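Data block below; observations after.
Each value in this text was obtained by applying a stated rule to the coordinates, not by laboratory testing. The structure presented is a predicted model; accordingly, all values stated were derived computationally and were not measured. So basically every Cβ, Gly included, is an ideal-geometry build from the backbone, and we count neighbours across all protein chains shown.
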Amino acid sequence: MQIIEPINLMEKFAMFGQLWTPHIVGELNGHYLKICKIKGDFVWHSHDNEDELFMVLKGTLLMDFRDGRTVAVREGEILIVPKGTEHRPRTNGELVYHLLFEPASTRHTGKVNSEMTVQKQQWI
């Protein structure tokens with residue numbers, strides 16, 4: 001029998017210091033729950049086949065879109081980025097904690113490969 005326990009996200013955030021490196025904290029129906037610390041700018045990218053859900057737990061996430069819009073996502077808010085939508089997450093210089101909910105097959109930066117791309121995401 002599987003032991004069912006709560007996951008304390010703040011304890012999980014305390015386990016790593018890397019920025020822009022998602023860590024998997026749970027799995028549900030073929031989707032991963034990932035947490036990530038971010039600061040500064042990320043790379044422009046999209047995911048052809050997967051929607052992404054971003055939930056901000058600390059700070060303000062800024063999401064840029066190619067149509068020139070920037071959407072601010074504050075603590076306790078979520079943003080869903082539809083598949084195929086090019087986007088660039090960033091911050092205003094503050095450290096932001098966020099949770100991602102996406103299919104397990106989702107590549108970190110879609111088809112884009114950069115020095116920021118994480119090829120193998122770790123469970124914590």
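Evaluated over segment 16-124, the count of Lys pairs having alpha-carbon atoms less than 14 Å apart is 4 (only pairs 8 or more residues apart or interchain). Looking at the chain alone, DSSP beta bridges between its own residues are antiparallel in about 90 percent of cases.
Computed over the Cα atoms of the chain, the ratio of the radius of gyration to the Kirkwood radius (Rg/Rh) comes to 0.95. Under 5 Å between amide hydrogens, built in the peptide plane, is the criterion, and for residue 32 it picks out 102, 104 among residues at least 5 positions away or on other chains. Our coupling estimate for segment 4-16, obtained by passing each phi through the Karplus curve with A = 6.51, B = -1.76, C = 1.60 and θ = phi - 60°, is 9, 10, x, 10, 8, 5, 5, 5, 5, 4, 5, 7, 8 Hz, Gly and Pro reported as x. Of the peptides 31-42, 69-80, the ranking by mean beta-carbon count within 10 Å, highest at the top, reads 31-42, 69-80.
With contributions of -39500 (n - 2.57) from each DSSP H run of at least four residues, the per-residue ellipticity at 222 nm computed over the chain stands at -1000 deg cm²/dmol. Distances between placed amide hydrogens fall under 5 Å for residue 85 paired with 47, all partners being 5 or more residues away or on another chain.
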